[in-house]
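Notes follow once the structure below has been shown.
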Amino acid sequence: MSPLPARGKLKVLPKGWSAHHRPTAYGFLTGDCAAYTAGQPGDWTPGGGQSAGGEDTKWEHAPCSAQFLTQSTRPVTVADGVEVLATHRISVPIASTWLHYGDTIEVLDNPDDPALNGREFQVITIETGTTNWTRDYLCQDVNARESRAA
């Protein structure tokens, strides 16, 4: 059996490997998403709308991939009910503007699952994607929360 080469002398990944494969990784982000931080709610005015508050837009369009999380969705008892914490994973390019807990991602177009088009998701936690070219946001479905409250 031959000895292993000296540490630091063996190149596992060739030079330029990341730059070469990044376009392929981004090719999996087939959707289009927007993100914003909701402002403070303003006063209600007749006919709808708010007089103050608004939104702080993080990005108007970003390539994304949105998917339902079947394995990590778990019911959690909250007060006298059950709530699901993370329902979806939304992946975006790692170079996109960083989002934080509570920010909202709106799925504008998702060819992989058109049922998600127009849906909004609140960021719960952030992960680095498995390829290190994407950032994954674990989110809860804002639309489902609103429908339960109605």
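Computed from the coordinates by the stated procedures, all read-outs in this text should not be read as laboratory data. Worth saying up front: this structure is predicted, and the values here are computed from it rather than measured. Virtual Cβ from ideal backbone geometry, glycine too; neighbours counted across all protein chains shown.
Which distance in nm do the two modelled labels at Thr57 and Thr125 give, with both placed 7 Å along the Cα-to-Cβ direction?
3.2 nm
In the neighborhood of Phe68, defined by Cβ-to-Cβ distances under 10 Å, what is the net charge if each Lys or Arg adds +1 and each Asp or Glu adds -1?
So the environment of Phe68 carries a net charge of -1.
Working out 0.36 nm times the residue gap between His21 and Leu69, then minus their Cα-Cα distance, what length gain in nm do you get to one decimal?
Result for the pair: 14.7 nm of gain on full extension.
With a sphere of radius 11 Å drawn around the Cβ of His88, what net charge do the other residues whose Cβ falls strictly inside it have (Lys, Arg +1; Asp, Glu -1)?
-2
Which order do the peptides 26-35, 95-104 come out in when sorted by mean C-beta neighbours inside 10 angstrom, highest first?
The peptides rank, most packed first, as 26-35, 95-104.
Among Ser91, Ser18, what is the fewest-to-most ranking by other Cβ atoms within 10 Å?
Starting with the residue having the fewest Cβ neighbours, the order is Ser18, Ser91.
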